1. Taking residue 170, is it closer than 19 Å to residue 336 by Cβ, in the same structural domain as residue 293 (by TED's automatic domain parsing), in contact with a helix residue (DSSP H, G or I) (Cβ under 8 Å, 6 or more places away or on another chain) and away from the ligand (no atom under 16 Å from the Cβ)?
2. One residue is enough: does the stretch 256-270 have a residue meeting the conditions within 16 Å of the ligand (Cβ to nearest atom), in contact with a helix residue (DSSP H, G or I) (Cβ under 8 Å, 6 or more places away or on another chain) and under 23 Å from residue 112 (Cβ atoms)?
3. For the stretch 99-134, give me each residue that is surrounded by 17 or more Cβ atoms within 10 Å (Cβ to Cβ), away from the ligand (no atom under 16 Å from the Cβ) and within 14 Å of residue 38 (Cβ to Cβ).
4. What do you reckon, is residue 294 on the phi < 0 side of the Ramachandran plot and at pLDDT below 95?
5. Determine if the stretch 83-96 includes at least one residue that is at pLDDT 95 or above, surrounded by 17 or more Cβ atoms within 10 Å (Cβ to Cβ), assigned to a helix (DSSP H, G or I) and within 16 Å of the ligand (Cβ to nearest atom).
6. I'm told residue 151 meets every condition in (1) on the phi > 0 side of the Ramachandran plot; (2) at pLDDT below 95; (3) loosely packed, with under 14 Cβ neighbours inside 10 Å except one. Can you identify the failing condition by its number?
7. Out of the residues in the stretch 198-208 that are assigned to a loop (DSSP other than H, G, I, E, B) and touching a residue at least 40 places away in the same chain (Cβ under 8 Å), state the one that is farthest from the ligand (Cβ to nearest atom).
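The values are calculated or read from the model by the stated rules, or taken from the named source; none is laboratory data. What you see is a predicted model; the values in this text were computed from it and never measured. Heads up, the Cβs are rebuilt from the backbone with ideal geometry, glycines too, and the neighbour counts pull from every protein chain shown.
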Ligand code: NAD
């Protein structure tokens, strides 16, 4: 008969063999929470990640890395962060001797992700890095190498891959309730006013542009909804406000997958769009919105309604990633997943620079 110890051992082996988190009752109650330091205290850290870290079960906010001294007292008093857990970009490497911190979460402009991921990895800390992983495939590869070399986990902040309704869509690529997939449409974007034109998202040097910011959502969705890798891409860029946008404002890209499946994708800083639709042999399903902090929902051709998950998406993502550290299991969204997208983004830019030429992947 299976006793409790062998059951736990077997369950542990099972968890190690997959990315499925171990059930809560199997996690030793004495295990301390994973300590997270947020690197970059802009909009996403301030408004989404730090509040979500107050809701997490397996990790907590313990440190900050910032280049803005004025933010330090605000964050310290709001979140009780001690002086010894406050760093700037020059002193960040000293985090190596800080046992309070297990993870650095890189929430910086996109072209800075590589530098600070490598600093975190070399300091012996696990790295959570925001999407897009980086702005070149070469940078992504260097990030993966640095994390492997330092034996730390690297995960990319594709929060939708942790989100329950999205996970249902992912599982439908395998269960195929309406027969084989035929075509997809995936779109994500918003109307960006441009402000005074100085924000990094409007400039190429720091990895700005609609494709890096919002385009990775439809791109990643086309890949997760098919559970396939595209074999070619063609793309074009439109810019209706060239004085304001030194980057792509609207990017259209068509991905060709095996079996003749085409994903027609679009991202934009010019309009509010948010939709994933999958057409199959004998029916369809869709998410509208396909990505939203307030929950994603949808329906299918047979009348099913996909009710939104109303929990906190960032808390769920960080708890799952913290569990992967505690249990030493594979992360749900590894660096390789970010790299695959950025290789395709590079091909998208090559295609649009060459008049929409089809590029093999
Ligand atoms: P933001 O501009 O609000 O914050 C960026 C932070 O980086 C600021 O605190 C800024 O001071 C700091 N910074 C450090 N060096 C800088 C430099 N050289 N130039 C400009 N800023 C510098 O941006 P954000 O919206 O918080 O985005 C940060 C990252 O988070 C991006 O990679 C973005 O794609 C990602 N993000 C992800 C989600 C999501 O849902 N997963 C949502 C929003 C943003």
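1. Yes: the conditions hold for residue 170.
2. Taking the stretch 256-270 first, the residues within 16 Å of the ligand (Cβ to nearest atom) are 267-269.
When the remaining residues are screened for being in contact with a helix residue (DSSP H, G or I) (Cβ under 8 Å, 6 or more places away or on another chain), the result is 267-269.
Within this subset, residues satisfying the condition of being under 23 Å from residue 112 (Cβ atoms) are 267, 269.
Yes, some residue in the stretch 256-270 is within 16 Å of the ligand (Cβ to nearest atom), in contact with a helix residue (DSSP H, G or I) (Cβ under 8 Å, 6 or more places away or on another chain) and under 23 Å from residue 112 (Cβ atoms).
3. Hits for the stretch 99-134 are 101, 102, 125, 126.
4. Numbers: on the phi < 0 side of the Ramachandran plot: yes; at pLDDT below 95: yes.
Yes, satisfied.
5. In the first step, residues of the stretch 83-96 are kept if they are at pLDDT 95 or above; the result is 83-96.
Then keep just the ones that are surrounded by 17 or more Cβ atoms within 10 Å (Cβ to Cβ); that gives 85-87, 92, 95.
Subset that is assigned to a helix (DSSP H, G or I): 85, 92, 95.
Imposing the further condition that a residue be within 16 Å of the ligand (Cβ to nearest atom) reduces the set to 92.
Yes.
6. Going through the list (1) on the phi > 0 side of the Ramachandran plot; (2) at pLDDT below 95; (3) loosely packed, with under 14 Cβ neighbours inside 10 Å, residue 151 breaks only (2).
7. Residues of the stretch 198-208 that are assigned to a loop (DSSP other than H, G, I, E, B), as a first pass: 198-199, 203-208.
Checking which are touching a residue at least 40 places away in the same chain (Cβ under 8 Å) leaves us with 203-208.
Numbers: 203: 9, 204: 13, 205: 9, 206: 6, 207: 7, 208: 10 Å.
Filtering the stretch 198-208 for residues that are assigned to a loop (DSSP other than H, G, I, E, B) and touching a residue at least 40 places away in the same chain (Cβ under 8 Å), the one farthest from the ligand (Cβ to nearest atom) comes out as 204.
Results for (1) in contact (Cβ under 8 Å) with a residue 60 or more places away in the chain; (2) touching a helix residue (DSSP H, G or I) at 6+ places or on another chain (Cβ under 6 Å), shown as yes or no for each residue.
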residue: 275; (1), (2): yes, no
residue: 283; (1), (2): yes, no
residue: 286; (1), (2): no, no
residue: 295; (1), (2): yes, no
residue: 299; (1), (2): no, no
residue: 314; (1), (2): yes, yes
residue: 322; (1), (2): yes, no
residue: 328; (1), (2): yes, no
residue: 337; (1), (2): yes, no
